[in-house]
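The values are calculated or read from the model by the stated rules, or taken from the named source; none is laboratory data. Remember, it's a predicted structure, so these values are computed and weren't measured experimentally. Here Cβ is always computed from backbone atoms with ideal geometry, including for glycine, and neighbour counts include all displayed protein chains. Ligands, DNA and RNA are excluded from the accessible area calculation, which covers all protein heavy atoms including side chains. Shrake-Rupley method; radii C 1.70, N 1.55, O 1.52, S 1.80 Å.
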Amino acid sequence: MLKGQQSWWFNNKPVIIGAASVVGPDEGEGPLAKDFDLVHPELDMQQKSWEKAERLLLEQATDFAVRHAGLKKDDIQFYIGGDLMNQIISNSFAARSLGAPYIGTFGACSTSMETLALAAQIVDSGNAQYAMAGTCSHNCTAEKQFRYPTEYGSQKPPTAQYTVTGAGAAVVAPTGDGPVIECATIGKIMDLGITDPFNMGAAMAPAAVDTIQAHFNDTGRQPSDYDLIVTGDLASVGHPIAKELLLRNGVPMNDTIFNDCGLMVFDISKQKVQAGGSGCGCSAVVTYGHLLKKLSGRELKRILVVATGALLSPLSFQQGESIPCIAHAVAIAGKGV
């Protein structure tokens, strides 16, 4: 049901009965490597193009998620997915092989929680027994589309982020073993006029702040109700901005652990990833590969994942448009909390 102005409260508490993450070599050298289902040693993954490699990541992640849920592909009644590629082709082609009714979405890097919120809504309303959410990104496809092809060797400023090569998927059901989805807050578009595609963290920080505040206003919760609150991919530039804005607005973020998936997936002090991770796969692989394990192992009781997205395109950038941004938040709790 609707709670407040922009949050969904899931009365039946849908369950994530299976989730998976598949990543590339750089993510496999990061601090979360042991939590991923599969680490590819090469970026091309023996595919003929970067785009086909990205699609393979998602196909493998969805296969693993279905398997972890103890299901078959035919059991999935709806698949909700999106990515950064033109016309979300990674998901559209992966959905072709999955064979489930498909809902394509685009929230840029916020897509992981956008799709999970929609899957939970479909299941909570009784309109499906099993729904799956998924998303993906690949460093070389994103660089080619939004900036310069990797082969070009363009130098990037310190504010730039490093697109995660990875895919994540989760199967949602009305009952079962696994973490439960308590509620979701759907974000509004925020645009403070930033036009630099190499400074996504600063562009997305206000959207994260707006959604976090809306979540607390709608639900009546406070930061202390969560063991961990993570933003999607603000990285080392945007995350401090978000924290400062929240504290300035009177939100007591020091009462919880406040982190960012773009800072968790890589070791930015040792890996050449500029300001940290980004991309649709960033919050997806951290959440589905790492955080759900922490919830299942009772190391965490309740988390809020606030995936952030910059809604630009090559066309909008060429027209001199600023970068509109959005953030979607999903509250996930361990079983029995």
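Of note:
- Here the Gaussian network model covers the chain, with springs between Cα atoms less than 10 Å apart; of Q318, Q60, Q87, Q318 fluctuates the most.
- Between S296 and D177, the contour length at 0.36 nm per residue exceeds the alpha carbon distance by 41.9 nm.
- Label zone at Q129 (point 7 Å along Cα-to-Cβ), backbone N below 18 Å, segment 47-90: 66-79
- Percent carbon-and-sulfur accessible area, segment 209-311, ignoring ligands, DNA and RNA, probe 1.4 Å: 45
- Among 245-253, 196-204, 41-49, sorting by the average number of other beta carbon atoms lying within 10 angstrom of each residue, highest first, gives 196-204, 245-253, 41-49.
- Additional length obtainable on full extension of the chain from K52 to M1, 0.36 nm per residue less Cα span: 14.4 nm
- Taking a ≥ b ≥ c as the square roots of the eigenvalues of the alpha carbon gyration tensor, segment 242-309 is oblate, as a/c is not under 1.5 and a/b does not beat b/c.
- Difference of contour (0.36 nm per residue) and Cα-Cα distance, V337 to D74: 91.5 nm
- Using the Cβ of C183 as centre and a radius below 12 Å, the other residues enclosed give a net charge of 0, where K and R count +1 and D and E count -1.
- Accessible area of T256 in the full protein assembly, 1.4 Å probe (Å², nearest 10): 20
- Measure of compaction for the chain (Cα Rg per 2.2 N^0.38 Å): 0.90
- Rg ratio (alpha-carbon, reference 2.2 N^0.38 Å) - segment 16-69: 1.14
- Given K34/K294; K52/K270; K73/K294; K72/K293; K13/K34, the pairs whose alpha carbons are separated by over 20 Å: K52/K270; K73/K294; K72/K293; K13/K34
- Residue order for S224, S7, S269, S322 - accessible surface, 1.4 angstrom probe, largest first: S269, S224, S322, S7
- DSSP beta bridges fully contained in segment 185-337 are about 60 percent antiparallel.
- For the chain, built as a Gaussian network whose Cα springs stay under 10 Å, the top-fluctuating residue of T159, T111, T231: T159
- In segment 1-60, the portion of solvent-accessible area held by carbon and sulfur atoms comes to 48 percent [1.4 Å probe, whole percent, DNA, RNA and ligands not counted].
- Value of relative contact order over segment 1-81, rounded to a whole percent, pairs C-alpha under 8 Å and six or more apart: 29
- Residue-normalised accessible area of the chain, given per residue in Å² at a 1.4 Å probe: 39
- By DSSP, the beta bridges lying fully in the chain are antiparallel in about 65 percent of cases.
- Fluctuation leader among V273, V230, V22 - the chain, Gaussian network, Cα springs under 10 angstrom: V273
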